[in-house]
1. Contact list please: Cβ distance under 6 Å, first residue in region A:19-30 and more than 10 Å from chain B (Cβ to nearest Cβ) and buried (at least 19 other Cβ atoms within 10 Å of the Cβ), second residue in a loop (DSSP other than H, G, I, E, B) and at pLDDT below 95, pairs at least six apart or on different chains.
2. Would you check if there is a residue in region A:65-77 being more than 11 Å from chain B (Cβ to nearest Cβ) and either closer than 30 Å to residue B:44 by Cα or within 26 Å of the chain's Cα centre (by Cα) (or both)?
3. Looking only at region B:177-199, count how many residues are farther than 12 Å from residue B:157 by Cα and modelled with pLDDT under 90.
4. Can you tell which of B:75, B:108, B:95, B:104 is over 29 Å from residue B:235 (Cβ atoms) and more than 11 Å from chain A (Cβ to nearest Cβ)?
5. How about region B:202-224: which of its residues are crowded, with 23+ Cβ neighbours inside 10 Å and modelled with pLDDT under 90?
6. Of all residues in region A:416-458, which are outside any helix (DSSP H, G or I), out of contact with any helix residue (DSSP H, G or I) (no Cβ under 7 Å at 6 or more places or on another chain) and either at the interface with another protein chain (Cβ under 8 Å from one of its Cβ atoms) or closer than 30 Å to residue B:193 by Cα (or both)?
7. May I ask you to say which residue of A:214, A:226 is within 12 Å of chain B (Cβ to nearest Cβ), more than 24 Å from residue A:20 (Cα to Cα) and surrounded by fewer than 24 Cβ atoms within 10 Å (Cβ to Cβ)?
8. For region B:57-69, give me each residue that is facing chain A (nearest Cβ under 7 Å) and closer than 13 Å to residue A:444 by Cβ.
């Protein structure tokens, strides 16, 4: 089930009142929300419901064992077993075929022919998101930053449908306390919820889909058939498309959670207004960035073990972050580029000192944005060969016509980028005004937004980019 | 609005007094509390009322589009219910003028036709190809191999690629392959329409589209892929005396053959040649079996028209060592490639390249695309 569909609308309009009715009885609510979430997840393929249940039980079991263990060695051993299970799950479903395939081709290049061990494995939707949440939970329990929750509360946390398939990656310390006691039914932040749902819908259904179909997909499919201006605009269009697609989805997720009384962390904060790559990663997919920081970069030593080791830690974190997005070398290169960029930035910062941060903000924003766009080429390309065609095409066909660069395409790109520079008080002001409108006007605003998104969007619903991650 | 505003703090847990109110599903008492950024917080009941009424308003404003979506659904009770509900909504919406804003918006976007339900199948009546249709050769008898029509940079072979979503990957790979060819030219790019086919002109009317595009693009070759969404026993646009209830039975095969044949004749009468991409095996064996049935009908119709169409089978081309579906394929070079999309139905770009290669081979087999080199060489030599 995906959010902008009639099926989900009916599902949510049933779940929302029942959730609030069950809320005073916390145990009943937890059972209800787990069941609702499993229906939501199983709508895609009911077989994988057992995978989700298995991941929940496994994580809960080992978290309890870790918390009850008295000896440090025992705690470490339990954590290791828990992580092996969780990473094994992710590794098998997401990376097994990729590594077999890559090993085969490397061996073949070396003159050794390996048998075909690929398994044709179906990738369960959202597995990267819920396994990362499960990993952070056991690690937090191991670090004694979190007391393990009961099975029902933990189950409700991990399976909670608004974040289940495409994030945000909500930590146990953020959501579990909210699920401890009933949410207050008098303090629902509905104007913010409807604002996020409406804008998220518009970003995804209108902006992302328009740019995808009108320029991004045709150009990235056959870069050789397009002129340099088309390729350049397609790269910028993809930057806006992926932002509108993913941020649109998480906006909807945050809004839906708010309507059920829960607050999710922010996942995007105008990333294309970033003045440096470090700043970009504090604004883009923020819940993944901090996950990588807290559960990978810092445990590796962070910046505490010398310059060389810091660079290595940065590179490894970004390479694995790239691989998290998909089992392909294009993602690894994308992560590697960001790793190199971050390490270079760090080097410059250390040489010039913090005062350099204040200067030439617009120039640094421009450079950061263009670097991010360049890296997106690898992220979006189906193969390294196509990425290379895109890059060479950027420089070699400037005199040719660019029929795909239409006024509408340029306007949507400008809207996508320009809106990132809007002061936060503007959306806050809109939400505040919305919250003061009467019920009728708020309903009318919601209905009109639904109509606008539906009428301006394509017929049917295109899948979200981040589902495959 | 694209920016993401800051998160408010988590609302406080309810007091004992609140708990009793909770049982009444969030009826708020006293003045409205405010949240972060001067927003007024509201009760769950009011939030649900806004959501519910907002959705109803949205339904009324969107009624024509929703009715078309309901019409386009696969046959079954859900479609029947959806049609009844959206049909009623459409009447109400029209009566109270709530369908006008959507119509005005669609008109402004130049997409007025979006909400129209079109089931008209406008194809040539005669299934047999006309004699004037042949573009490939002029031989009267089929036993004689017709001479291959020659194309050159001055008079290139114009290729249009169209079909359902299965055409996208091989279509783009084909564009890549012919990009540097001087005697082959792409016209119209790749027109791949998701979730469409020949069974449901109401979802997307390919018969109308093909007719219009042939007129506009004037292709010499049309590369088509259909059938990926046609493995259902439900068709719209049926002639009055025809009834189809089950996929794959005789009535279905007869009607589907009529449509495939109609498309082929439509193209050949416009003076173009058809290359029909067959359906591949899929991860689901039952779906593979249905695809084989569709392939059989398409191949049979194409076999009736050997001078104007060719069938490019992809099932065995993309089969693994087990003779069936395989995500990964071993190429002749020994390299292993991920040939299929994660859904187990569509092709990856590597899979698309394999199919595109076969299409290119078919084009070179059917047409003379190289003799211009000798001729230009002679001209240059004599000059």
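1. Listed pairs, sorted by first residue: A:29/A:23.
2. Within region A:65-77, not a single residue is more than 11 Å from chain B (Cβ to nearest Cβ) and either closer than 30 Å to residue B:44 by Cα or within 26 Å of the chain's Cα centre (by Cα) (or both).
3. The qualifying residues number 12.
4. Details: B:75 fails: over 29 Å from residue B:235 (Cβ atoms); B:108 fails: more than 11 Å from chain A (Cβ to nearest Cβ); B:104 fails: more than 11 Å from chain A (Cβ to nearest Cβ).
After applying the criteria, what remains is B:95.
5. B:203
6. A:422, A:424
7. The match here is A:214.
8. Listed by number, the residues that qualify are B:57, B:58, B:61.
The values are calculated or read from the model by the stated rules, or taken from the named source; none is laboratory data. Keep in mind that this is a model prediction, so the values were computed, not measured. Don't worry about glycine lacking a Cβ; one is built from the backbone with ideal geometry, like all the others, and counts go over all protein chains shown.
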